[in-house]
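The values are calculated or read from the model by the stated rules, or taken from the named source; none is laboratory data. Here the structure is a predicted model, which means the values were calculated and not measured. When we count neighbours, we look across all protein chains shown, and the Cβ atoms used for this are built from the backbone with ideal geometry, even at glycine.
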Amino acid sequence: MYGFLNILFKILEEEQPDYLTVAFDVHAPTFRHKMYEAYKGTRKPMDDALRQQVPLMKEMLAAMGVCTIEMEGYEADDLLGTLAGMGERAGMEVSVVSGDRDLLQLATDHVRIRIPKTKRTGTEIEDYLAADVKERYQVTPKEFIDVKALMGDTADNIPVCRELEKNSDCADRTVWMH
């Protein structure tokens, strides 16, 4: 909870947001589990000590007047993506804070993805608008989705595309073609 609060207070100080929502995962299968039974099948469960802190985080956020959301069948990242799109369509400048690089697919000129990194010297935050994703990864945020699908994702137990496994030349051509 200490790390969460440090990041939250750093973001609040930097952003001074008009609106703030914190999304939580629900301990239940998502639509992705229904599509692919092995989704996140190799991931270790949340540590019990951390799991016990989640209700305290929610209580603290409620006391601070911070809106929280969660929805069975969806991951917190899905909810954040939906809110980011709604905010952008409403003409807002949106910041999404998450340690999950999968959210880079949401980056636009008006949706900034902020990825906190805790280091010995404190918390540093990497910021990504669409141009930053393109510069760092050589693909657009929308293409980032395809790259992740082709390369696989061990964190989510998504296998690499079989053709890429057979032919690494194919990986180079596929990923960098636009």
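Select from the stretch 70-102 the residues that are touching a Pro at 6+ places or on another chain (Cβ under 9 Å) and at positive phi and list them in ascending order.
Within the stretch 70-102, Gly73 is the sole residue that qualifies.
What strands (runs of 3 or more DSSP E), lying completely within the stretch 58-135, carry at least 3 residues that are of a type in the set (A, V, I, L, M)?
On the way: elements: 67-69, 94-97, 111-119, 122-128.
So the answer is 94-97, 111-119.
Determine the pairs where a residue that is of a type in the set (S, T, N, Q), located within the stretch 60-76, has a partner that is crowded, with 16+ Cβ neighbours inside 10 Å and in a loop (DSSP other than H, G, I, E, B) with Cβ atoms under 9 Å apart, the partner being 6 or more residues away or on another chain.
Within 9 Å, the pairs are Thr68/Phe24.
Just name the residue that is nearest to the chain's Cα centre (by Cα) out of those in the stretch 116-147 that are over 15 Å from Gln105 (Cβ atoms), modelled with pLDDT of 85 or more and surrounded by 14 or more Cβ atoms within 10 Å (Cβ to Cβ).
This residue is Pro116.
Just wondering, is there one or more residues in the stretch 72-93 that are in contact with a Lys or Arg (Cβ under 6 Å, 6 or more places away or on another chain) and either among the hydroxyl-bearing types (Ser, Thr, Tyr) or surrounded by 15 or more Cβ atoms within 10 Å (Cβ to Cβ) (or both)?
Of all residues in the stretch 72-93, those in contact with a Lys or Arg (Cβ under 6 Å, 6 or more places away or on another chain) come to none.
Looking for residues that are in contact with a Lys or Arg (Cβ under 6 Å, 6 or more places away or on another chain) and either among the hydroxyl-bearing types (Ser, Thr, Tyr) or surrounded by 15 or more Cβ atoms within 10 Å (Cβ to Cβ) (or both), one finds none in the stretch 72-93, hence no.
Go through the stretch 94-115 residue by residue and tally those that are touching a Phe, Trp or Tyr at 6+ places or on another chain (Cβ under 8 Å) and either free of Cβ contacts under 8 Å to residues at least 40 places away in the same chain or exposed (fewer than 15 other Cβ atoms within 10 Å of the Cβ) (or both).
Number of matching residues: 4.
Please determine whether any residue of the stretch 71-85 is in contact with a Phe, Trp or Tyr (Cβ under 6 Å, 6 or more places away or on another chain) and closer than 22 Å to Ile115 by Cβ. Talk me through it step by step, then tell me what you get.
Within the stretch 71-85, the first condition is being in contact with a Phe, Trp or Tyr (Cβ under 6 Å, 6 or more places away or on another chain), and the residues that meet it are 73, 76.
Retained after the next criterion (residues that are closer than 22 Å to Ile115 by Cβ): 76.
Within the stretch 71-85, one or more residues are in contact with a Phe, Trp or Tyr (Cβ under 6 Å, 6 or more places away or on another chain) and closer than 22 Å to Ile115 by Cβ.
Looking at the stretch 56-64, is at least one residue of a type in the set (Lys, Arg) and modelled with pLDDT under 90? So that I can check it myself, show each step before the final result.
Of the residues in the stretch 56-64, the ones of a type in the set (Lys, Arg) are 58.
Still in the running and modelled with pLDDT under 90: none.
No, there is no match, as no residue in the stretch 56-64 is of a type in the set (Lys, Arg) and modelled with pLDDT under 90.
Quick one: in the stretch 102-131, of everything that is in contact with a helix residue (DSSP H, G or I) (Cβ under 9 Å, 6 or more places away or on another chain) and charged (D, E, K, R), which residue is nearest to Asp77 (Cα to Cα)?
The qualifying residue nearest to Asp77 (Cα to Cα) is Asp102.
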